[in-house]
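Below is one structure; the comments refer to it alone.
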Amino acid sequence: MAAPSTSQQNYINEFNSKDYLNTSYRANGGLLLGEWTGFVLPNLHETFTKGGVKGDTLLDFGTGASIYQLLSACEVFDKIIVSDLLEQNRAEFQKWLKKDPDAFDWTHIIEHVCELEGNRENCEQKAEKLRSKVKEILKCDALKKNPFDPIIVSPVDCLLCCLCLECPCKEIKSYCNVLKNFQELIKPGGHLLISGTLNGTFYHAGNKRFNIMTSRKEDLEMAFKDAGYEIVKVVYAPRIDKSRMDIADFDGLHLFSLLLPPPSSGRLADLMLQANLCHLTAAGGKERGRSSCLLGGGVD
């Protein structure tokens, strides 16, 4: 039996962002270079081009300290919001955003995406475009009904989530509850993109081990359907190189492109009523309205 998932408090206390980036993405040796980046980057590129996923705002949930998942998205969204539970991850992302000399070097990943887009010569332009599109860096907690409590984030055109939910969720029921709460963050008819590993139980950041929820194909598919999403596309791939299973023991990869269907007429009426109530509350007290009104749901 797999060990229980690592607690949020252990992440807060023990997770080292730079160790994780070096373990996973450093040039010539990162565990997730090759199979993971070779899987997720082309699939995200295709999703944001041929797949037609685009719009005004993209919310990246559980960004960590990574930028790779946003490199294709910045071409088709005007505004990007990044978010993470851990202060150390948000600070590490901020280093890259501000061109801090101590920031992790993503050049090799940016070059890969530019190659996919047929524009390898413009890597610096790509980096600057992404920097210009990131408008907010927020704290989030996947286990709260409103993950951004006390802030209210307006529903977005697309919510992206890579290598995240296996960490805070203890079992598939918790995972499904998070998916349901995500509905409040996505516009009706908007998209949810989730990508991660299959059948893993742990990974390392430097010499620290972190246990995760085991994600199985059939459980994920059922969770998305139970949470009310329409599966537009799903891609699976096996892990080929298993020489470093002691660093992370996943054996496959997945990417789901999901659609949040428009609400039924009754549900739409409820949402409109709640929106009007929120407007009236905000008119009586701006700060109180911001902290108490979430379209379609309350706050813990």
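Quick notes on this structure:
- The chain - share of DSSP beta bridges that are antiparallel (%, nearest 5): 55
- Only DSSP H runs of four or more residues enter the estimate; each adds -39500 (n - 2.57), and after division by the residues of the chain the mean residue ellipticity at 222 nm equals -11000 deg cm²/dmol.
- Relative to the dominant Cα principal axis of the chain, helix 123-133 is inclined by about 20°.
- Degrees separating the helix 217-226 axis from the principal Cα axis of the chain, which is the longest one: 10
- The alpha-carbon atoms of the chain, seen along their principal axes, cover 57, 48, 38 angstrom, with the largest extent given first.
- Expressed as a fraction of 2.2 N^0.38 Å, the C-alpha radius of gyration for region 1-118 is 1.13.
- Residue pairs exceeding 20 angstrom between C-alpha atoms, taken from 79/129; 98/126; 95/135; 54/225: 54/225.
- Taking all protein chains together and rolling a 1.4 Å probe, residue 209 ends up with roughly 120 Å² accessible.
The values are calculated or read from the model by the stated rules, or taken from the named source; none is laboratory data. Source: prediction; values computed, not measured. The protein model used for the area step is the full one, side chains on, heavy atoms only, and it has no ligands, DNA or RNA in it. Shrake-Rupley method; radii C 1.70, N 1.55, O 1.52, S 1.80 Å.
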